[in-house]
Amino acid sequence: MTASDSTLRRFLHGLPGVDTVGLEARAASLGTRSIKTTAKAYAIDLAISMIDLTTLEGADTPGKVRALAAKAVHPDPTDRTAPRTAAVCVYPDMVATAKAGLAGTDVKVASVATAFPAGRAALDVKLADTRDAVAAGADEIDMVIDRGAFLAGDYLKVYEEIRAVKEASGDARLKVIFETGELSTYDNIRRASWLGMIAGADFIKTSTGKVGVNATPANTLLMLEAVRDFRAQTGVQVGVKPAGGIRTTKDAIKFLVLVNETVGEDWLDSHWFRFGASSLLNDLLMQRQKLATGRYSGPDYVTVD
């Protein structure tokens, strides 16, 4: 199917169309599931363990990254039973700092690359960005696709770029970001999901967190259905990472319900599902403290990211 642009287009446009009403209704229905206290405590710890604790600002400093790494290892300094986060996600020039701060732990270092967040750069620049991050110690690479090429129907260009970045990533796991808020339609999100998986993505990711519309229950449900169907057809399991706009414990639990009901327990693990978030962690910690003590601590009792 990747032999030419025409065969790839034929395959992607041959995927079943998305029932918008049905998709959004199912996502909304799953979001109303009631979670009891014991299950909520489990879900909170699971969500914490799935967070890619992220700082992607022009004002990032080594000190901020070291503080973020410390928080990833011990999210709640007053309670060492709180689980570690899955990873710390930074720009390539901060990978070495994050790696040093996480030395001796199992917390991964993820790095955005390929001219994040717009992806508007020549391929050799994107590959150099990726290789720099890997050389500095990145365990995971979060790449952005060329949305302009995708929306223009140049699917083979997008496929070949993902393949090239996958090769440049070496042993690092590759997360492919679609920026679903810019893809306009659910059909495009389904096509991008399959394109990314065919090209070798280890994860497919909704968003950069830098646009108005980021992760939603509906677009994440659609991507979960895609990885489920892809594994059924190929035997290959691919992870999913919603990113941007997930800020509360209630939000996180809704997404975990989506995972459980759509793809099942095989994906209820940080190896296969992640949250791209930072502010989410503080709310999870406050809710965790409330369950343990019966009192709501408030934002003054957690560290500022």
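Of note:
- Of all residues in the stretch 2-42, those being β-branched (Val, Ile, Thr) and either touching a helix residue (DSSP H, G or I) at 6+ places or on another chain (Cβ under 8 Å) or part of a loop (DSSP other than H, G, I, E, B) (or both) number 6.
- For the stretch 124-165, the tally of residues that are open to solvent by 40 Å² or more (accessible area, probe 1.4 Å), β-branched (Val, Ile, Thr) and closer than 14 Å to MET94 by Cα stands at 1.
- Filtered by the rule that a residue be without any contact (Cβ under 8 Å) to a residue 24 or more places away in the chain and either open to solvent by less than 20 Å² (accessible area, probe 1.4 Å) or within 19 Å of the chain's Cα centre (by Cα) (or both), the stretch 49-87 gives a lone residue, GLU57.
- The selection criterion, being within 28 Å of SER278 (Cα to Cα) and either open to solvent by 30 Å² or more (accessible area, probe 1.4 Å) or under 22 Å from the mean Cα position of the chain (by Cα) (or both), does not hold for GLY17.
- Those residues of the stretch 135-154 which are assigned to a helix (DSSP H, G or I) and under 20 Å from THR208 (Cα atoms), in sequence order: ARG147, GLY148, ALA149, PHE150, LEU151
- Only a single criterion out of (1) assigned to a loop (DSSP other than H, G, I, E, B); (2) surrounded by fewer than 16 Cβ atoms within 10 Å (Cβ to Cβ); (3) within 19 Å of the chain's Cα centre (by Cα) is not satisfied by ASP45, namely (1).
- No other residue among LEU285, LEU256, LEU291 is in contact (Cβ under 8 Å) with a residue 60 or more places away in the chain and either within 14 Å of the chain's Cα centre (by Cα) or assigned to a loop (DSSP other than H, G, I, E, B) (or both) apart from LEU256.
The values are calculated or read from the model by the stated rules, or taken from the named source; none is laboratory data. From a predicted model like this one, the values you see are computed outputs, not experimental measurements. Using ideal geometry, Cβ is built from the backbone for each residue, glycine included, and neighbour counts are taken over all protein chains shown. Note: accessible area is taken over every heavy atom of the protein model, side chains too, but ligands, DNA and RNA are not part of it. Shrake-Rupley method; radii C 1.70, N 1.55, O 1.52, S 1.80 Å.
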